[in-house]
Amino acid sequence: MNDMQTRQGLELRSLITSQGQLELSLTEVDVPAPRPDQVVIEIQATPINPSDLGLLTGPADLSTAQFGGSEARPTVTAEVPKDRLAGLQARIDQSMPVGNEGAGVVIAAGDNAQHMLGKTVAVLGGSMYAQYRVIRASECLELPEGTAPADGASCFVNPMTALSMVENMRLDGHTALVHTAAASNLGQMLNRICLADGIGLVNIVRSQEQAAILREIGAQHICDSTSPGFEAELADAVHATGATLGFDAIGGGELPSQILAAMEVAANRSATAYSRYGSATHKQVYLYGNLDTSPTVLNRTFGMAWGVGGWLLTSFLQRAGGEAAQRMKQRIAAELQTTFKSHYTAEISLAEALRENTLRAYTRRATGEKYLINPARGLSD
């Protein structure tokens with residue numbers, strides 16, 4: 001089917017200029033007719049993940065943001081600190097599409113993909129903050145019949161990340177996990193996986209309200225980092241689960257160090273002899289998020305058998321291999337309405353994503369808050 005040669009659609013673009021200015025806008029782009037192995041998807045739901053903000057707003061200082069344009073075509077400009085420009089050379093003066101994942105309905109298909117017409121599909125392919133997306137049919141995950149695009153919009157980044165954390169644990173010989181920002185959508189998914197699979201999980205949150213969210217879904221070990229007894233409570237929970245692997249979404253501050261220290265305390269509780277080098281149990285914390293952009297501080301109180309490193313989903317999937325990735329995708333499709341169900345704070349249009357109140361809300365990156373863009377909504381809503 002080749003009926004879309006003249007169609008155009010709006011796409012949200014992010015540009016950082018050589019003068020150090022971030023520019024966000026809605027751009028009208030041509031939607032090409034699909035090639036034989038491609039489909040055209042009308043995007044109806046695409047989430048704003050922390051990983052999307054890294055491209056959307058980058059390192060811009062949003063306290064300098066100026067909001068302009070029209071009601072239907074709003075714009076945002078903000079200053080980028082000059083000391084950050086050197087690390088951005090690969091994207092300087094390039095208008096870049098945004099949005100890692102999303103879902104929608106196939107409205108046109110190439111000759112070899114006619115069976116996809118009318119199907120609701122999810123995609124992890126970039127450029128999803130747009131009315132239309134052209135992509136290979138093989139890259140689409142067909143959603144179960146009757147699934148709304150909103151229910152399939154977040155079925156890649158968070159579900160694959162949560163499942164990959166467990167896969168990483170098994171590959172490296174660990175038996176239990178520690179997770180921070182644990183009341184997030186991703187954290188709730190990880191809890192459901194660990195409860196179903198019988199895996200010990202220590203959840204670190206930053207308030208009693210977040211702890212209550214986790215208790216409601218059956219989480220067993222919850223530690224509030226604002227509690228006066230946090231470090232002792234964390235060591236008790238780590239000892240109870242045997243966790244020696246942590247995934248930290250915060251990044252900055254002392255939390256990774258506190259996790260390693262709790263693991264060392266737990267390991268030494270069963271030690272039969274003293275070692276000046278600490279326990280021989282290897283303790284690992286991966287930083288996979290950047291909610292706190294301050295320096296990561298390590299207070300070396302956890303012996304010598306430890307590691308801290310960065311963790312990226314795409315890199316891990318390459319390590320795990322295609323068979324593991326396919327197994328994870330099949331589980332996601334089967335448990336989309338249960339284990340991997342996402343909840344959203346609000347559904348917004350492309351234009352609303354660039355309005356001041358909305359942009360300031362989703363760039364707070366508050367735990368438990370998640371926004372969903374529906375490009376099919378009226379652009380003047």
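The values are calculated or read from the model by the stated rules, or taken from the named source; none is laboratory data. The structure presented is a predicted model; accordingly, all values stated were derived computationally and were not measured. Please note: Cβ atoms are built from the backbone with ideal geometry, for glycine as well, and neighbour counts cover all protein chains shown. These area figures cover heavy atoms from the full protein model, side chains too; ligands, DNA and RNA do not enter into them. Shrake-Rupley method; radii C 1.70, N 1.55, O 1.52, S 1.80 Å.
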Selection within region 285-341 - in a helix (DSSP H, G or I), of a type in the set (A, V, I, L, M) and out of contact with any Leu (no Cβ under 9 Å at 6 or more places or on another chain): Leu313, Leu317, Ala334
Subset of region 12-27 (residues that are touching a Lys or Arg at 6+ places or on another chain (Cβ under 9 Å) and in a strand (DSSP E or B)): Ser14, Leu15, Ile16, Glu23, Leu24, Ser25, Leu26, Thr27
Region 56-71, residues that are open to solvent by less than 30 Å² (accessible area, probe 1.4 Å), in a loop (DSSP other than H, G, I, E, B) and not hydroxyl-bearing (Ser, Thr, Tyr): Gly58, Pro59, Ala60
Those residues of region 105-126 which are open to solvent by less than 10 Å² (accessible area, probe 1.4 Å) and over 22 Å from Ile332 (Cα atoms), in sequence order: Ala108, Ala109, Gly110, Ala113
Of residues in region 356-376 being in contact with a strand residue (DSSP E or B) (Cβ under 6 Å, 6 or more places away or on another chain) and within 16 Å of Arg13 (Cα to Cα), the one surrounded by the fewest Cβ atoms within 10 Å (Cβ to Cβ): Asn374
Every residue from region 269-279 that is touching a residue at least 12 places away in the same chain (Cβ under 8 Å), farther than 18 Å from Ala235 by Cβ and either surrounded by 12 or more Cβ atoms within 10 Å (Cβ to Cβ) or small (Gly, Ala, Ser) (or both): Ser275
The listed residue being touching a residue at least 24 places away in the same chain (Cβ under 8 Å), more than 27 Å from the chain's Cα centre (by Cα) and open to solvent by 30 Å² or more (accessible area, probe 1.4 Å), out of Pro32, Pro50: Pro32
Failed item in (1) modelled with pLDDT under 95; (2) touching a strand residue (DSSP E or B) at 6+ places or on another chain (Cβ under 8 Å), with Ala86 passing the rest: (2)
Residue, most open to solvent (accessible area, probe 1.4 Å), within region 301-318, restricted to residues that are touching a residue at least 40 places away in the same chain (Cβ under 8 Å) and farther than 15 Å from Phe156 by Cα: Thr301
In region 319-343, residue modelled with the lowest pLDDT [restricted to those that are of a type in the set (Ser, Thr, Tyr) and open to solvent by less than 60 Å² (accessible area, probe 1.4 Å)]: Ser342
